[in-house]
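Structure, as structure tokens:
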Amino acid sequence: MTGQIYVVSGPSGAGKSTIIKRLRKKMPDLGYSISHTSRRPRGEEVDGVDYHFVDREGFEKLIEQGAFVEWAEVYGDLYGTSLATLENMMASGVDVLMDVDSQGAMNIKMHFRDASTLIYLLPPSLDTLKDRLRERGTDDDEVIESRMKKAGDELKECLNYDYLIVNDDLEKAVAEVEAVIVSGRCRKSRMLPKIKELFDIQEEG
């Protein structure tokens with residue numbers, strides 16, 4: 001059975017990283033695609049765990065080699081997803097959880113149309129989003145204002161997603177993303193080959 005891709009997107013400060021970490025603990029069989037980035041690590045981020053950190057020159061070489069299924073420049077830094085890593089995990093039957101922006105999500109959907117589900121995470125309000133960015137303590141006021149200006153446009157991208165989740169309560173939001181993944185695993189298109197094998201069921205006609 002081929003694995004599926006579950007993409008989680010949303011504006012900076014919506015809670016993507018926190019929710020993904022919680023999900024990976026609750027669902028240890030989930031694969032996670034670690035993105036490459038040209039930016040420097042923040043806080044306690046670890047290379048190979050949070051991101052694959054490479055310098056800009058190295059990232060650009062990977063682009064030239066066609067190594068990424070999607071990549072984008074965000075706030076002057078480059079981010080990308082390894083195509084080979086995704087294909088290998090899916091071929092092994094592993095469901096893959098991803099954290100990419102809207103542009104990347106659309107590229108994923110184009111490349112893996114029937115094998116990808118897009119989930120957009122929204123904050124309860126723009127005021128809450130701004131408070132979260134300040135509380136995070138990783139960006140100065142200028143960067144925060146830049147992120148807030150971009151957030152208004154980013155939120156419109158939710159219209160292109162399969163599922164919309166408002167993160168007004170962390171545990172509830174984690175449960176809702178988990179429910180999307182579990183329901184995807186129970187879809188007839190995924191379960192039927194296994195059911196046919198278990199019960200020798202043949203489709204008529």
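The values are calculated or read from the model by the stated rules, or taken from the named source; none is laboratory data. Keep in mind the model is a prediction, meaning the values are calculated, not measured. Heads up, the Cβs are rebuilt from the backbone with ideal geometry, glycines too, and the neighbour counts pull from every protein chain shown.
Evaluating residue 61 against the criteria (1) closer than 28 Å to residue 186 by Cβ; (2) not in a strand (DSSP E or B) leaves one unmet condition, (1).
Can you say whether residue 10 is surrounded by 20 or more Cβ atoms within 10 Å (Cβ to Cβ), closer than 26 Å to residue 179 by Cα and touching a Pro at 6+ places or on another chain (Cβ under 9 Å), as far as the supplied structure shows?
Values: surrounded by 20 or more Cβ atoms within 10 Å (Cβ to Cβ): yes; closer than 26 Å to residue 179 by Cα: yes; touching a Pro at 6+ places or on another chain (Cβ under 9 Å): yes.
So residue 10 passes the test.
Scanning the stretch 99-132 for residues that are over 16 Å from residue 80 (Cβ atoms), crowded, with 16+ Cβ neighbours inside 10 Å and hydrophobic (A, V, I, L, M, F, W, C) turns up 115, 118, 119, 121, 122, 129. Among the residues of the stretch 22-50, those identified as of a type outside the set (Lys, Arg), at pLDDT 90 or above, more than 17 Å from residue 139 (Cβ to Cβ) and not in a loop (DSSP other than H, G, I, E, B) are 23, 31, 36, 47.
Listed by first and then second residue, the pairs with beta-carbon distance under 8 Å, at least 6 apart or on different chains, first residue in the stretch 180-205 and of a type in the set (Gly, Ala, Ser), second surrounded by 10 or more Cβ atoms within 10 Å (Cβ to Cβ), are 184/4; 184/6; 184/95; 184/117; 184/190. For the stretch 135-146, does any single residue satisfy the condition of being more than 19 Å from the chain's Cα centre (by Cα) and within 30 Å of residue 110 (Cα to Cα)? Yes.
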